[in-house]
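Beneath this line is the structure, given in structure tokens, with notes to follow.
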Amino acid sequence: MNANRREFFKTAGLTGAALLPFPWVQAQAERKHRVALIGCGWWGANIVREAMASNRCRIVGLCDVYRRPLTATADEVETLSGEQAELFEDYEAMLRKARPDIVIVATPDHWHALPSIAALKSGAHLFVEKPTSHTIGESQAMLQAAEAEDRVVQVGLHRRIGPHHRSGMEFIKAGRVGDIGTVRLFVVGRNRGGERPAANADVPNGMNWDLWCGPAPKRPFNPKITPGGWRNFLDYANGTLGDWGVHWLDQVLWWTEEKYPRSVYSTGGRFVSGAAVNTEQAATTDAPDTQTAVYRFDSFTAIWEHRNYSGNGSEKHRIGAYFYGSKGVFHMGWRDGWTFYPSDNQESIVHEKPQFSDTVDGNNLKQLWADFLDAIEQKRTPAANLEVAHRSTMLPLLGMISWRTGRSLTWDGERERIVGDPEAEKLMRREYRKPWRYPGV
Amino acid sequence: MANRFFMTRTLPGALSFWVLTAATPLAEDWPNFRGPDYDGISDETGWRKNWAEKPPAVVWKAEVGIGFSAFVVADGRALTLGHIQDQEVLSCFDETTGERLWRHRFPSELGAKFYIGGPGSTPTVDVANGLVYQLGKWGEVYCLSLEDGSVKWFRNVAQEEKLSVPSWGFNGSPLLSGELVVLNLGPAGMALNRQTGETVWSSRGDAAGYSTPVPYEDIVIVSSGDGWSGVETLTGATRWTIDWATRYGVNAADPIVWDGKVFVSSGYQKGSGLFSLNRGELPRTWAQRLFRSQQNAPVRLGAYLYGIDGDSSSRAKLKCLEWETGEVQWTEDTGYGAVAAADNHLIYLRADGRLGLAEASPKAFEPIAETKVLTRDCWTVPVLANGRIFCRNSRGQAVAVDVRTLP
Ligand SMILES: NC(=O)c1ccc[n+]([C@@H]2O[C@H](COP(=O)([O-])OP(=O)(O)OC[C@H]3O[C@@H](n4cnc5c(N)ncnc54)[C@H](O)[C@@H]3O)[C@@H](O)[C@H]2O)c1
């Protein structure tokens with residue numbers, strides 16, 4: 001279509017502007033947001049597809065440290081929108097040359113903070129994926145940068161905007177579940193037990209592995225790590241609690257009036273996968289396959305629980321959040337929508353199906369992206385803004401610190417400090433590999 | 001076509017078979033992935049199509065292990081691969097009774113990376129010499145006796161030649177050609193001497209794609225994660241290339257050559273393209289994103305292609321495409337699966353285990369009937385041979401479905 005249109009313009013010897021009957025149509029077209037993407041993997045490509053589908057954006061730059069997803073995304077952008085985006089390996093160069101006014105950051109978690117802050121400082125609005133960061137200090141620095149630059153930031157927590165999440169929240173907030181005392185968040189996987197190490201391998205052609213590792217430790221290249229597998233390598237992410245936990249813990253903070261828990265305790269391990277392996281020859285993942293985290297709020301207790309094995313087992317649902325109230329149990333799910341089980345067996349179950357703008361991956365990125373653009377244009381706060389997403393990210397990150405130290409943490413949510421435990425507090429930040437520098441003060 | 005005649009039909013065993021069956025409806029062995037013509041189309045006629053009146057029945061069942069290997073059928077035997085308890089297993093069955101004749105096994109990793117894992121290649125039978133060739137998931141190459149599965153020769157080619165291993169292992173099937181067994185190992189294929197296993201030519205660098213080498217004239221077509229190459233069968237010298245970068249390096253569906261052109265297709269939102277055969281970088285006739293073969297190539301009948309568009313995780317559909325233009329003629333909401341053809345009919349297996357039969361027409365989807373033969377997930381192409389359709393699911397349940405016309 002686009003190629004045809006360009007062809008037509010060429011043969012007609014006219015420019016696009018001259019052909020348009022109303023000058024304001026052209027003006028509007030010119031006002032398209034200039035969008036650049038950092039991290040052209042699975043999710044980055046999903047976001048950029050929505051940016052193109054919105055018809056309000058032009059993709060001006062694509063950046064990845066691996067040529068294969070970079071060219072695959074460029075190819076897709078060209079066939080879907082007719083645009084030839086400029087391609088980069090280094091996001092700093094992209095920010096300078098492509099001059100985007102919106103930057104999408106969809107890199108692995110260890111690479112969220114620096115590109116996000118650089119994008120904000122370049123004057124761009126930011127769409128950054130969840131969890132906001134890998135360690136607490138990074139997310140704090142991102143928040144500072146967003147406030148200092150006064151930019152709009154949307155975080156990829158699409159469950160804040162999904163239709164069944166919204167209607168489910170209304171149902172709970174209308175008191176239909178009664179007084180809620182416990183919330184339980186959980187993900188159950190279907191791994192088959194004992195994890196075998198995979199051999200370390202040569203870095204694939206066209207991949208800058210040093211840059212991929214960036215500020216995080218540079219491990220020998222292992223095909224388990226990328227794409228996608230970095231979620232379960234603690235150098236680059238925070239396991240299932242970081243990846244999935246943030247989505248469901250965010251639902252808790254969306255529901256409650258409280259802003260943070262008073263204390264956090266987590267325990268778990270690799271009880272089924274076995275001890276982590278990381279030698280010169282081979283590696284396994286190293287994130288816990290079993291984890292429980294308890295968050296003490298003033299008016300309720302929240303419990304996270306994941307198990308990457310065992311499958312459906314005895315539970316009605318495999319994933320999501322149970323809100324336990326005086327009138328029954330409310331389950332907020334994913335592909336299974338939401339369901340309310342009244343405590344009185346005489347009453348009937350209430351259920352609502354999910355609705356996704358992308359049924360394949362089960363998300364509502366379309367609405368989240370539209371809300372982001374609206375927020376920029378209307379100068380308002382978007383649905384999953386950085387402040388709320390930052391607070392939701394604190395929960396899994398604190399859970400991981402408690403799991404590492406094996407102790408309960410007292411959290412001063414106002415000042416964002418761990419009380420009376422300097423050793424744990426040190427884990428709110430990490431050493432960066434040189435030449436990168438940990439952001440903020 | 002000429003190729004196939006040369007390779008199987010002029011051999012003594014095949015000749016007598018040919019003479020015997022000439023007067024009756026044509027039954028046909030299926031000794032390699034995508035069949036004797038490497039196109040997924042069987043020449044078999046006279047098999048039973050009145051499924052609507054009488055659904056075909058399962059005549060035997062077997063457990064073959066986790067994986068996506070298809071069946072091959074030759075010399076009264078049916079063979080396929082699977083992963084069973086830390087081993088890759090080649091099972092050889094009696095084609096008519098399902099009795100297990102022998103198994104060949106060796107230790108292997110399941111490789112369950114974002115999917116159930118297991119081997120994805122299909123063994124190749126050399127009927128004339130009574131041999132079976134097997135490419136293991138991690139680059140092990142075996143030449144076995146068809147009679148009893150004993151090892152004639154073995155090489156761990158990936159390890160010996162230090163090849164990059166693609167994320168989901170090696171999934172292409174061995175191609176027998178002249179003195180060679182050609183494999184999709186390395187970025188542009190590899191050939192071994194089929195009697196000794198010695199390397200005749202090889203390619204180095206990036207990892208291979210997941211397709212099976214497809215022959216035409218003096219060339220075989222092989223894939224990497226970033227494109228396709230036409231290489232000279234005897235030397236491995238590159239005659240032409242197609243730049244075809246895919247998000248996860250998955251070029252898995254076998255290309256189709258016809259009428260001076262080559263059709264390629266990949267999943268993960270990539271799409272299809274038609275290219276004119278030439279030298280160097282091939283010129284493109286068309287490319288589109290409405291037909292994306294993640295694993296299974298379509299079948300070409302006349303000037304139309306029939307196959308599954310979309311990934312196993314998506315709402316995939318059965319589509320008909322025009323060869324010349326790439327335009328979609330019709331779409332049927334089947335979900336994921338795979339399609340074979342015979343006697344101008346489509347034989348398709350849906351991911352949920354429904355085996356379907358339809359008349360092949362570019363005008364519309366013309367279904368005849370469907371019958372449930374397996375449970376999820378069926379991602380492997382069904383194989384018609386000698387009046388039976390051999391199907392399997394990813395967990396390793398296999399069935400032979402009877403479509404013989406009884407006298
Ligand atoms: N909101 C959701 O529901 C959701 C779902 C999936 C993923 N995500 C998030 O999206 C992000 C990406 O996940 P994914 O599954 O797409 O991972 P992925 O591994 O598929 O893609 C990450 C890409 O980033 C690239 N990359 C790494 N370092 C880079 C750098 N310095 N500059 C540019 N590119 C770099 C990698 O090469 C890779 O192509 C993660 O933060 C993840 O949590 C969110």
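The values are calculated or read from the model by the stated rules, or taken from the named source; none is laboratory data. Since we're looking at a predicted model, the values are computed, not measured. Counting neighbours? That spans all protein chains shown, and the Cβs are built from the backbone with ideal geometry, glycine included. The protein model used for the area step is the full one, side chains on, heavy atoms only, and it has no ligands, DNA or RNA in it. Shrake-Rupley method; radii C 1.70, N 1.55, O 1.52, S 1.80 Å.
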Need the C-alpha centroid separation for segment B:49-93 versus segment A:401-430, integer Å. 57 Å
Between the chain alone and the structure with every protein chain in place, find the residues of segment B:238-259 that drop at least 10 Å² of accessible area; heavy atoms, 1.4 Å probe. B:245, B:246, B:247, B:248, B:249
If you project the alpha carbons of segment B:138-190 onto the principal axes, what extent comes out on each, in Å, largest first? 33, 22, 18
Within 10 Å of each Cβ in peptide B:218-225, how many partner chain Cβ atoms are there on average? Round it to a whole number, please. 1
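Treating the beta-carbon of each Lys and Arg as +1 and of each Asp and Glu as -1, no other charges, what is the dipole magnitude of segment B:13-402 about its Cα centre, to the nearest 20 debye?
Working: 36 positive and 46 negative charges, 196 e Å.
So the dipole magnitude of segment B:13-402 works out to roughly 940 debye.
For chain A, what is the relative contact order in percent, using Cα pairs closer than 8 Å and at least 6 residues apart in sequence? It would help to have the intermediate numbers written out before the result.
Details: 874 pairs, mean separation 80.1, N = 441.
Relative contact order comes out at 18 percent.
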Out of the GluC sites (Glu not before Pro) in segment A:344-382, which ones are loop residues according to DSSP with at most 15 other C-beta atoms within 10 Å? A:347
Lysines with Cα under 24 Å of residue A:218, excluding same-chain neighbours fewer than 8 positions away: A:130, A:426, A:434, B:113, B:162
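How well do other chains shield peptide B:322-332, expressed as the mean number of their Cβ atoms within 10 Å of each residue Cβ? The partial results should precede the final answer.
Working: counts 0, 0, 0, 0, 0, 0, 0, 0, 0, 0, 0.
Mean partner shielding for this stretch: 0.
Counting only protein heavy atoms and rolling a 1.4 Å probe, how much accessible area do A and B lose on contact, total for both sides, in Å² to 100?
1800 Å²
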What does the helix-only formula give at 222 nm for chain A: each DSSP H stretch with n ≥ 4 adding -39500 (n - 2.57), the total divided by the residues, and the result rounded to the nearest 500 deg cm²/dmol? -10000 deg cm²/dmol
Segment B:102-124 and segment A:191-237 have their Cα centres apart by a whole-number Å value of 23 Å
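Please compute, for peptide A:204-211, the average count of beta-carbon atoms on other protein chains lying within 10 Å of each residue's beta-carbon.
Details: counts 8, 8, 3, 0, 0, 0, 0, 0.
Shielding by partners across A:204-211 averages 2.
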Heavy-atom accessible area per residue of the protein assembly as shown, all protein chains kept, 1.4 Å probe, expressed in Å², is 40 Å²
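Can you tell me the order of A:358-367, A:52-61, A:284-293, B:53-62 when each peptide is scored by its average per-residue count of other Cβ atoms within 10 angstrom, highest first?
Values: A:358-367: 17.5, A:52-61: 19.6, A:284-293: 22.2, B:53-62: 15.0.
Per-residue Cβ counts within 10 Å, averaged per peptide and sorted highest first, yield A:284-293, A:52-61, A:358-367, B:53-62.
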Can you tell me which lysines have their Cα less than 20 Å from the Cα of residue B:261? Leave out same-chain residues fewer than eight positions away. B:270
With +1 on each Lys and Arg Cβ and -1 on each Asp and Glu Cβ, how big is the dipole of segment A:73-161 about its Cα centre, in debye rounded to the nearest 20? 380 debye
Just want the answer: with Cβ charges of +1 for Lys and Arg and -1 for Asp and Glu, which residue in A:174, A:382, A:239 is farthest toward the dipole's positive end in chain A? A:239
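Please sort A:243-256, B:233-246, A:328-341 by packing, taking for each peptide the average over its residues of neighbouring beta carbons within 10 angstrom, highest first. Before the final figure, lay out each step's value.
On the way: A:243-256: 23.1, B:233-246: 18.5, A:328-341: 20.6.
Descending mean neighbour count gives A:243-256, A:328-341, B:233-246.
Over segment B:13-402, what percent of the accessible surface lies on carbon and sulfur atoms, probe 1.4 Å?
Its accessible area is 49 percent carbon and sulfur atoms.
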Among A:196, A:307, A:160, which one shows the biggest mean-square fluctuation in a GNM of chain A, springs joining Cα atoms closer than 10 Å? A:196
Compare the Cα positions of A:329, A:65, B:258 along the charge dipole of the protein assembly as shown (+1 at Cβ of Lys, Arg; -1 at Cβ of Asp, Glu; about the Cα centre) and return the one farthest towards the positive end. A:329
Stokes-Einstein D (µm²/s) once Rh is taken as the Kirkwood radius of chain A over alpha-carbon pairs, at 37 °C in 0.692 mPa s: 142 µm²/s
